[in-house]
Amino acid sequence: MKYDYQIDEIQKKDAHQFVSRFHYSPVMPKITKHYLGFYLNDKLKGVLTLGWGVQPKQTINKMFPSLVSKDYYEIGKMCMHPSLPKNSESQMMRDLVSWLKRLNTYRVHPLSYLYTMADGIVGKAGYVYQASNFYYSESFWTSVYMDDDGNKIHIRSVRNL
């Protein structure tokens, strides 16, 4: 079934509530510029955040040394309602790219790239993104620890503990 999503900016609290309910990891990215709601028949069916990870400049410079953070957005969180069929995420990506192209017509410095790390840290290889013709560039190793309850703790979070 083909969907055409209506995309609107939504409030952070609404995005967080949706993600907390339907995503396996409720942790929201800190550096977010856009909280997007994906609607079908006026019902919120998906949420996607755009912004940057913890080291925006270093992230893009690893792949493209001449670029800076204003050249790209990173997908921080992507979440869909579980009632939607499997190909819905690819359609969400298609509509997101159209939304970004419209956004670029208003930006002083248009975006060049849309980037995501997927969730390799929890064994996700970004199949939805690969199915949407994202380029899969590489993987890398990082340390992850577990507490007594089985919660994963990334090395960046250790200082907070």
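The values are calculated or read from the model by the stated rules, or taken from the named source; none is laboratory data. Please read all numbers here as calculations on a predicted model, not as lab measurements. Ideal geometry is used to build each Cβ from the backbone, glycine not excepted, and the neighbour counts take in all protein chains shown. Protein only, heavy atoms only, side chains kept; ligands, DNA and RNA dropped before computing areas. Shrake-Rupley method; radii C 1.70, N 1.55, O 1.52, S 1.80 Å.
With 23 Å as the limit, the listed pairs K13/K45; K13/K33; K2/K86; K12/K62 have K12/K62 beyond it between alpha carbons. Accessible surface calculations at 1.4 Å, restricted to protein heavy atoms, place the range 1-87 at 60 Å² per residue. When both bridge partners sit in the range 1-114, DSSP labels roughly 90% of those beta bridges antiparallel. Along Cα→Cβ, 7 Å out, is where each label goes; now give me the distance between the ones at S112 and Y24 in nm to one decimal. The answer from the label model is 3.3 nm.
Multiplying the residue separation of Y39 and K70 by 0.36 nm and subtracting their alpha-carbon distance yields 8.4 nm.
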